[in-house]
Amino acid sequence: MAHDLVILGPTAPTAPDAGTTTQRAGGLSAALSALQSLVPGLTPDVAQGAVRFRDIADTPALRAGMTTLAQQYPVDIAIVDSARRLTDFKLVAMDMDSTLITIECIDEIADYCGLKAEVSAITEAAMRGEIKDFNESLTRRVALLKGLDASALEKVYEERLQLSPGAEKMLRGVQALGIRTLLVSGGFTFFTDRLKARLNLDVTRANTLEIVDGKLTGRVLGEIVNAEVKARTVTEVAAQFGATPSQAVVMGDGSNDLQMMAIAGLSVAFRAKPVVREKASVAFNHVGLDGLLSLFRSH
């Protein structure tokens, strides 16, 4: 099987004084030179926002060289099947917190009751995989929110929630190809419902915070969306659209995304924890989510 080696990163500065971008563009040039020593005799193509070496052999030596270069330069390097196209996929499934959006919503909600540090510590431990029981970690965090005015949720959405770089471009691109979209999150429906409408997503699934008399009760209603439920949801939604999990792209950042990433045809670790980067098909540490649009050949 032939493969393409793809380098994702800025190819040119956006302005004469764009020092950081210029530095990164230099990094891409240096990375490209180094990669040519790993794949001698091949000329790269520059298209679709990527530098591509076509039809190479995927070898352990090349993988090792890629890993070294990715640590040295501000670029993302991937190996993909030369024959695969983005249109081979029927579903793009995304985690929400720290993947589609830049924040962990529960941490920001906790900030409104002065408990961000305590909640963030549990969140980080769970995402790194140090707390194995996601249900327990979520239950503990939500319990700390008991008594908080529900208006804090709206404040988080309006004042703090931001989409990750490249999110809207990526979604427009896959939707234009007829690929369906799923947002599946261990976060909360308050946010996924709003993002579904805002971004024209096909399906969303998340946890429901119980609210009584305008206050959070500190409890979650119904089944908690943990790693197993995420994977099951990907399978069910793919089937709903006449596809299998192998026809899904799954994007995530934390350990509770690993099960749904494992069943996907392509898994993308986005600004992810080390345990997730190690297991993903592709890791985006520098480019935005729209790097997905450049991974495969267009024809």
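What to note about this one:
- With a threshold of 25 Å on the Cα-Cα distance, the over-threshold entries among Lys196/Lys279; Lys230/Lys279; Lys196/Lys230; Lys155/Lys215; Lys90/Lys273; Lys169/Lys196 are Lys196/Lys279; Lys90/Lys273.
- Hits among aspartates and glutamates - C-alpha to C-alpha of Lys116 under 13 Å, sequence gap 8 or more where chains match: Glu104, Asp107, Glu108, Glu124
- Three-way shape call for region 35-162 based on the alpha-carbon gyration tensor, with the a/c threshold at 1.5: prolate
- Rel. contact order, % - alpha carbon contacts under 8 angstrom, at least six apart, the chain: 21
- Membrane-span-like helices in the chain, defined purely by DSSP H runs whose alpha carbon atoms cover 27 Å or more axially and whose average Kyte-Doolittle hydropathy reaches -1.0, are 19-38.
- Rounded to 5, percent antiparallel among DSSP beta bridges of region 169-290: 25
- Percent antiparallel among DSSP beta bridges (both partners in the chain, rounded to 5): 50
Throughout, read-outs are computed from the coordinates displayed, never taken from laboratory work. Quick caveat, the model's predicted, so the values are computed rather than measured.
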